[in-house]
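No value in this document is a laboratory result; all are computed from the given coordinates. Quick caveat: nothing in here was measured; it's all calculated off a predicted structure. Note that we place each Cβ from the backbone using ideal geometry, even for glycine, and neighbour counts take in every protein chain shown.
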Amino acid sequence: MTSNQTHSARDEPRSLSDPRALKALAHPLRMRLIGELSTRGSMRAVDLANAVDEPANSVSFHLRQLAKYGVIEQDDDRAADGRERWWRLPSDQGFRINPAELATIEGGEAALGVFRRVVTGNVHALARVVHGTAFASEETSPERHLISNDFAVRLSADEMDELKDDMFDLMMRWMARSRELANADDGVERRTVYAVMLGAPLDLIIDQPSDEATTGHESGSEN
């Protein structure tokens, strides 16, 4: 395989079409490990353990499970002496999940449901943090590490595709910069930031019940 072919393979999102891979990924700690690998590039289990503040043996187990189904891979170029394993994502462009394709595979819909529940939990946690409820016990306010913006635009389907491409390219540029600065010794504090890009027609969003309304209804029914 030539270097150009290697670059091309890593320049395309990794398609996850195996339900077992999706189930392997649908775990809070494993998703955090994926986040660290996305922002820092190749890492050893001990480095990841320090980054997520978990025991190295536990992190090693989860890394092996992710590698078993192709969610991550060994970086042989970094393991020069062969004694230490370095792990990386198969692609610098992240993952691509096709729900329609998974629906045709045995166990695909169930795996997708598990994955969606984990992602939804992360989005809810993100909203709580951004709106301040998770910072009550922190001594230092981290507002400078927060993003809280929303906007509405009128778009055709083609324009929506263009917007998605623009935002994806922007995030890929910042992820590349993050990996370049992963080991920078410049005295600047950097934290791994989890961001989500979501958008939908406004009328569909307005028609959805709020979490507060749903919670209140459930509480009332129990009484």
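Less than 14 Å Cβ to Cβ from Arg116, Lys/Arg counted +1 and Asp/Glu -1: what total charge do the surrounding residues give?
On the way: positive: Lys23, Arg117; negative: Glu109.
Here the count lands on +1.
Could you derive backbone 3J(HN,Hα) for region 40-51 from the dihedral phi with the Karplus parameters 6.51, -1.76 and 1.60 (θ = phi - 60°), listing whole Hz in sequence and x where the residue is Gly or Pro?
For region 40-51, the Karplus-derived couplings read 10, x, 5, 8, 8, 4, 5, 5, 5, 4, 5, 5 Hz, x marking Gly and Pro.
Given the Cα-Cα distance of Ala100 and Arg116 and 0.36 nm per residue of separation, how much length would full extension add, in nm?
Full extension of this stretch gives 4.3 nm more.
Per the Kirkwood formula on distinct C-alpha pairs, the Rh of region 45-112 is how many angstrom?
Values: mean 1/r = 0.0716 Å⁻¹.
By the Kirkwood definition, the hydrodynamic radius is 14.0 Å.
Which residues' amide hydrogens lie under 5 Å from the amide hydrogen of Arg44, considering only partners 5 or more residues apart or on another chain, with H built in the peptide plane?
Amide H neighbours of Arg44, under 5 Å, 5+ apart: Trp87.
What does the C-alpha gyration tensor say about the overall shape of region 27-81? Classify as rounded when a/c is under 1.5, otherwise prolate if a/b is larger than b/c, or oblate. The partial results should precede the final answer.
Details: a/c = 1.43, a/b = 1.23, b/c = 1.16.
The shape class here is rounded.
How would region 9-57 be classified by its alpha-carbon gyration tensor: rounded, prolate or oblate, with rounded meaning a/c under 1.5 and the a/b versus b/c comparison settling the rest?
Oblate.
Highest mean first, how do 163-169, 25-31, 97-103 rank when packing is the count of other Cβ atoms within 10 Å averaged over residues? List each step's numbers first, then the result.
Details: 163-169: 11.6, 25-31: 17.1, 97-103: 13.1.
Highest to lowest by the protection proxy: 25-31, 97-103, 163-169.
Around Val52, with a cut-off of 9 angstrom between Cβ atoms, what is the net charge of the other residues, counting Lys and Arg +1 and Asp and Glu -1?
Neighbour charge sum, excluding Val52 itself: -2.
Based on the mean of other Cβ atoms within 10 Å per residue, sort peptides 36-45, 87-96, 148-157, 179-188 so the most packed one is first. Can you show the working numbers first?
Details: 36-45: 20.0, 87-96: 17.9, 148-157: 7.5, 179-188: 9.5.
Per-residue mean Cβ counts within 10 Å order the peptides as 36-45, 87-96, 179-188, 148-157.
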